[in-house]
Amino acid sequence: MKNKFICPRCKGYLNVSDHIVLTAICSSSKNAGLVFLNQEIGNYSVETNPNFNVKEGEKYEFSCPICHEKLATDIHDNLSRIIMVDNKDKSYEILFSKIVGEKSTYKIIGESVEIFGDHHSNYIDFINLSINK
C-alpha cells in the first residue's frame, strides 16, 4: 500500500495516483494553478498545466485544494507542511520548501528527522530548534 498524504487542516486526502495535488499561488505575481508533486520524498519532479509557468527562485504559497487553507508551518516562512501516513499507520510531518528549485524536504516524527535535497541545510537549524523545544 502506498503512503497517504493528508491536509493538516481538513484531513482531506491530497494524493491521486503517484502525485500529491496542491494549489500554488506565486507570492509576487499572483500566478496560480495546480501542482502535481511526486509522492517519493526527495524526488523533486513537478507537473503543472503548460500555461501555469513556475519560475526558478520564485516563492509559492501552497494550499489544500479541498479546504483552500494555506499549508504553512510556524517553523519558517519558506516551508509548507503536509502529513504523510505510511503503510504501518505511522504519521509524519513533511515540510518542504516553497521556493521553486530549492530542494529542501524534511520527514519528521517526534524528535527524529530525515532530510532530503541538496539545499536541506537552508532550514535544518530551524527544524532542529522546533523539535527540541
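The table below lists the values:
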{"read-out": "Per DSSP, loop trypsin sites (Lys or Arg not before Pro) in the range 1-66 with at most 12 further Cβ within 10 Å", "value": "2, 11, 30, 55"}
{"read-out": "Cross-link reach list, aspartates and glutamates versus residue 55, counting only Cα pairs under 17 Å and skipping chain neighbours closer than eight places", "value": "47, 102"}
{"read-out": "Debye, to nearest 20: dipole size of the range 4-131, +1 on Lys, Arg Cβ, -1 on Asp, Glu Cβ", "value": "360 debye"}
{"read-out": "Efficiency of FRET between residue 129 and residue 47 - r from beta-carbon atoms, R0 30 angstrom, step 0.05", "value": "0.35"}
{"read-out": "Viscosity 1.306 mPa s, 10 °C: Kirkwood-radius Stokes-Einstein D of the range 4-131 over Cα pairs, µm²/s", "value": "108 µm²/s"}
{"read-out": "Highest-fluctuation residue, 52, 62, 36 considered, GNM on the chain with Cα pairs under 10 Å", "value": "52"}
{"read-out": "Extended-chain gain in nm, criterion 0.36 nm per residue less alpha-carbon gap, residue 121 and residue 56", "value": "21.5 nm"}
{"read-out": "Neighbour-count ranking [beta-carbon atoms within 10 angstrom, fewest first] of 95, 34", "value": "34, 95"}
{"read-out": "28 Å Cα-Cα threshold exceeded, pairs from 11/107; 2/30; 4/70; 30/90", "value": "2/30; 30/90"}
{"read-out": "For the range 106-124 versus the range 2-36, the gap between their alpha-carbon centres in whole angstrom", "value": "20 Å"}
{"read-out": "Hz values of 3J(HN,Hα) by residue in the range 100-114 - Karplus curve (6.51, -1.76, 1.60), Gly and Pro given as x", "value": "4, x, 8, 9, 9, 9, 9, 10, 10, 9, x, 9, 9, 10, 9"}
{"read-out": "Sites matching trypsin sites (Lys or Arg not before Pro) across the range 65-130 that sit in DSSP coil, with at most 13 neighbouring C-beta atoms within 10 Å", "value": "88, 90"}
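Rule-based calculations on the coordinates, nothing more; no lab input. All figures in this text were calculated on a predicted structure; none of them were measured in a lab. Heads up, the Cβs are rebuilt from the backbone with ideal geometry, glycines too, and the neighbour counts pull from every protein chain shown.
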